[in-house]
């Protein structure tokens with residue numbers, strides 16, 4: 001399953017992502033991973049969640065992000081949830097990248113039995129129509 005948290009900067013996406021990560025941990029029988037740019041969530045997310053700084057692995061672009069996420073799933077069969085904060089900052093692109101990334105993650109999620117949550121700093125009008133169904137209400 002894929003969930004997109006969309007909205008302009010300051011609209012509460014990160015707070016919602018933090019709440020979703022902590023809730024996923026309570027419901028998960030496996031591992032929960034949060035990928036962020038920088039280490040700003042260290043004290044907001046439970047210590048039991050695996051917090052990954054994308055800058056530490058020099059992730060640049062949607063392809064590298066997808067490869068990194070695929071590697072996490074391949075290396076850890078019990079990852080149930082992966083949440084990505086500041087997705088567009090990590091990819092260094094605009095919201096147009098969401099369409100291809102979401103499609104790839106959907107397929108990966110079905111194969112690896114993993115849920116994905118992406119925070120996207122963009123207005124709903126900037127989100128491609130093909131992925132509107134994933135936008136959290």
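No value in this document is a laboratory result; all are computed from the given coordinates. In this text the structure is predicted, and so the values were computed from the model without any measurement. Glycine gets a Cβ as well: all are built from the backbone with ideal geometry, and neighbour counts include every protein chain shown.
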Provide the gained length on full extension for the span residue 136 to residue 23, in nm with one decimal, where the gain is 0.36 nm per separating residue minus the Cα-Cα distance. 39.1 nm
Quickly estimate the mean residue ellipticity at 222 nm for the chain, helices only: each DSSP H run with n ≥ 4 gives -39500 (n - 2.57), and the total goes over all residues, rounded to 500. -11500 deg cm²/dmol
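Among 11, 54, rank each residue by its count of other Cβ atoms within 10 Å, from fewest to most, as a rough exposure measure.
Values: 11 14, 54 22.
Least to most surrounded, the residues fall as 11, 54.
Subtracting the Cα-Cα distance from 0.36 nm times the residue separation, let me have the gained length for residue 96 to residue 111 in nm, one decimal.
Working: separation 15, 0.36 × 15 = 5.40 nm, distance 2.45 nm.
Contour length minus the Cα-Cα distance gives 2.9 nm.
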Average projected area [Cα convex hull, segment 2-134], square nanometres: 7.2 nm²
Most fluctuating residue of 59, 120, 35 in a GNM of the chain with Cα springs under 10 Å: which is it? 59
Just for the chain, what percent of DSSP beta bridges are antiparallel, to the closest 5? 5 percent
Evaluate E = 1/(1 + (r/R0)^6) for residue 48 and residue 103, where r is the Cβ-Cβ distance and R0 equals 30 Å; express this FRET efficiency to the nearest 0.05. 0.45
